[in-house]
Amino acid sequence: MLQVMMVYYHANELSLESTNLSVRIFKSNWYDQSSAVVRSLSIVMARVQRPLVLTIGDFRVIDNELIVNMIKAAYTFLLYQKIQSFPDDGEVSMG
């Protein structure tokens, strides 16, 4: 589970960094570069207007929300397993 969470975390970081890339390029000294570099940077800036995201096939975007949902599901499963491991002696306690 930890390995999967690490992949999901880094996928989310990739998405966040891709949104900041155009701002970083704009704040750089792009105007002092050659026309070929300026043209290439313009293409990169146009491309990164939409954030870069990793998906699970065509199913879902990998992000922090998915990590949180996985943790909640795992916790619920563990609690269910713990409840199921109690012996059923037929007694019902009232408080």
* To do: May I ask you to list pairs of residues, at least six apart or on different chains, whose Cβ atoms are under 8 Å apart, with the first in the range 1-16 being modelled with pLDDT under 80 and the second being charged (D, E, K, R)?
  => Tyr8/Asp63
* To do: Scan the range 44-61 and give yes if some residue there is surrounded by 12 or more Cβ atoms within 10 Å (Cβ to Cβ), modelled with pLDDT under 85 and in a helix (DSSP H, G or I), otherwise no.
  => no
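Please specify each residue of the range 46-60 satisfying the condition of being touching a residue at least 24 places away in the same chain (Cβ under 8 Å) and of a type in the set (A, V, I, L, M).
The answer is Val48, Leu52, Val53, Leu54.
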* Structure fact -> Residue count, the range 1-44, condition under 29 Å from Ile67 (Cα atoms), more than 17 Å from the chain's Cα centre (by Cα) and among the aliphatic types (A, V, I, L, M), comes to 2
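The values are calculated or read from the model by the stated rules, or taken from the named source; none is laboratory data. Given the structure is predicted, the values throughout are model-derived calculations rather than measurements. In this analysis, Cβ positions are derived from the backbone assuming ideal geometry, glycine residues included, and neighbour counts consider all displayed protein chains.
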